[in-house]
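Participant: Structure incoming, see below.
The values are calculated or read from the model by the stated rules, or taken from the named source; none is laboratory data. This one's a predicted model, so the numbers in the text were calculated from it and none came from an experiment. Please note: Cβ atoms are built from the backbone with ideal geometry, for glycine as well, and neighbour counts cover all protein chains shown. Areas reflect the complete protein model, heavy atoms only, side chains present, ligands, DNA and RNA absent. Shrake-Rupley method; radii C 1.70, N 1.55, O 1.52, S 1.80 Å.
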Amino acid sequence: MGNDNSQTAVPRHVAIIMDGNGRWAQNRKLGRIRGHMAGIDAVRSVVKEAGRLGIETLTLFAFSSQNWGRPITEVRALMELMSVQLKREIPKLIGQGVRLKAIGQLDKLPKPAQKVLESAIEQTSGCKGLTLVLALSYGGRDEILEATRKILRENPLPEEVDESYFKRFLYDPELPDPDLLIRTSGENRISNFLLWQIAYTEIYITDVMWPDFGPENLRRAIEDYAGRKRRFGLTDDQLDD
Ligand code: FPP
């Protein structure tokens with residue numbers, strides 16, 4: 001897997017670590033929650049642009065397993081914001097043909113948030129445009145550990161467990177690996193995001209804070225990606241064949 005070395009100008013799957021909401025707010029002497037509110041506006045415009053550009057899958061790191069450790073007031077506000085906004089956006093998502101999915105330890109989310117999420121996933125399940133994946137209460141190591149536990153329960157022969165076998169136990173086995181991973185706010189870290197899936201993913205880091213990231217920034221990231229040559233561990237000669 002991951003060895004399909006065909007490259008198109010538009011990546012099939014873009015994953016984004018949306019970082020910098022807090023600093024964006026701090027720079028404006030606003031509370032962190034205001035940063036997350038502005039972050040949601042950025043999500044809205046980037047989802048729209050991703051669909052317009054013909055990206056098939058967009059995965060957003062909306063809440064990490066580690067984020068539960070933030071002050072309870074911030075966690076509560078984020079959950080509330082996400083539920084309210086998601087519920088409000090459902091008709092628009094359907095109008096844009098966006099199919100919603102979620103990965104992560106979803107059972108850890110507050111019950112009302114789980115309900116909104118389930119309903120949004122259900123209502124958009126027939127949509128044929130962009131697949132929007134929200135990573136919520138998500139951790140890459142958790143995902144790998146959970147997959148390993150599920151595999152152990154199946155009691156396979158050790159030699160049966162190859163990459164394609166393993167992939168079937170990830171949160172959503174149908175998702176292709178990301179072609180491009182974008183991180184905002186200038187940090188050079190993966191932060192436990194999609195550890196299994198990003199083995200051959202191209203990484204693009206921008207200093208722009210997430211609330212300031214708009215359609216133009218997405219297009220710039222894609223242009224940068226289109227100019228790269230992916231080798232998947234092979235030599236140039238092998239790729240030219
Ligand atoms: C990182 O900024 C951002 C988050 C932890 C939350 C991201 C979530 C959203 C933008 C909302 C998404 C909502 C939906 C419905 C998809 P930070 O707070 O870590 O910023 P900092 O590093 O500057 O403190």
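Participant: When only Cα pairs under 8 Å and 6 or more residues apart are kept, what is the percent relative contact order across the chain? Display every interim value, and only then the final one.
Facilitator: Numbers: 369 pairs, mean separation 72.5, N = 241.
Reported relative contact order: 30 percent.
Participant: Calculate the radius of gyration of the Cα atoms of region 119-181 to one decimal place, then report Dmax, the largest Cα-Cα distance, as a whole number, both in Å.
Facilitator: When restricted to Cα atoms, region 119-181 yields Rg and Dmax of 14.4, 40 Å.
Participant: Can you compute the charge dipole magnitude of region 178-241 about its Cα centre, using +1 on each Lys and Arg Cβ and -1 on each Asp and Glu Cβ, nothing else charged? Give it in debye, rounded to the nearest 20.
Facilitator: Details: 8 positive and 12 negative charges, 44 e Å.
That gives region 178-241 a dipole magnitude of about 220 debye.
Participant: Between Ser164 and Ser45, 0.36 nm times their residue separation minus their Cα-Cα distance comes to what? Could the numbers behind the result be given before it?
Facilitator: Values: separation 119, 0.36 × 119 = 42.84 nm, distance 3.46 nm.
Length gained between Ser164 and Ser45: 39.4 nm.
Participant: Okay, next question. Bin by bin, in steps of 5 Å, what percent of the Cα pairs in region 76-116 do you find, going until the bin that has the longest distance?
Facilitator: 5, 22, 27, 27, 14, 5
Participant: Just grab the label-to-label distance for Arg153 and Ala226, each label 7 Å out from Cα along the Cβ direction, in nm (one decimal).
Facilitator: Simple spin-label model gives 4.5 nm for this pair.
Participant: If you don't mind, there's one more thing I want to ask. List the DSSP H helices in the chain whose Cα atoms stretch 20 Å or more along the helix axis and whose mean Kyte-Doolittle hydropathy is at least 0.0. Write down the numbers at each step before the final one.
Facilitator: On the way: long enough: 32-53 (31 Å, -0.06); 72-95 (35 Å, 0.35); 140-154 (21 Å, -0.94).
The qualifying helices are 72-95.
Participant: Something else about it: Going toward the positive end of the dipole of region 177-218, with +1 on Lys and Arg Cβ and -1 on Asp and Glu Cβ, which of Ile205, Leu194, Leu181 do you reach last?
Facilitator: Of Ile205, Leu194, Leu181, it is Leu194.
Participant: Dipole of region 111-179, Cα-centred, from +1 at each Lys and Arg C-beta and -1 at each Asp and Glu C-beta, to the nearest 20 debye?
Facilitator: In debye, rounded to 20, region 111-179 gives about 420.
Participant: Using DSSP to call loops (not H, G, I, E or B), can you name the trypsin sites (Lys or Arg not before Pro) in region 4-68 whose Cβ has at most 10 other Cβ atoms within 10 angstrom?
Facilitator: Details: sites: Arg12, Arg23, Arg28, Lys29, Arg32, Arg34, Arg44, Lys48, Arg52; in loops: Arg12, Arg28, Lys29.
Those satisfying the criteria are Lys29.
Participant: Now, a different point. By the gyration tensor of its Cα atoms, with a ≥ b ≥ c the square roots of the eigenvalues, what is the shape of region 157-241: rounded for a/c under 1.5, prolate for a/b over b/c, or oblate?
Facilitator: Values: a/c = 2.61, a/b = 1.43, b/c = 1.83.
It is oblate, given that a/c is not under 1.5 and a/b is not larger than b/c.
Participant: Now, a different point. Please name whichever of Gln85, Val161, Thr57 sits farthest to the positive end of the charge dipole of the chain, dipole taken about the Cα centre and charges placed at Cβ: Lys and Arg +1, Asp and Glu -1.
Facilitator: Gln85
Participant: Determine the share of region 12-153's accessible area contributed by carbon and sulfur atoms, expressed in whole percent, with a 1.4 angstrom probe.
Facilitator: Details: 3910 of 7100 Å².
Exposed carbon and sulfur together represent 55 percent of the surface.
Participant: How much mean residue ellipticity at 222 nm does the chain get from its helices, if each DSSP H run of length 4 or more adds -39500 (n - 2.57) and you divide by all residues, to the nearest 500 deg cm²/dmol? Walk me through the numbers before you get to the answer.
Facilitator: Values: 8 runs with 103 residues, N = 241.
Calculated from helices alone, the mean residue ellipticity at 222 nm is -13500 deg cm²/dmol.
Participant: At q = 0.20, 0.22 Å⁻¹, what is the log10 ratio I(q)/I(0) for region 1-105, with the Debye formula run over Cα points and no solvent?
Facilitator: Computed log10 I(q)/I(0) values: -1.17, -1.31.
Participant: Kirkwood Rh, Cα Rg: Rg to Rh for the chain? Walk me through the numbers on the way to the answer.
Facilitator: Working: Rg = 18.2 Å, Rh = 18.8 Å.
Here Rg/Rh amounts to 0.97.
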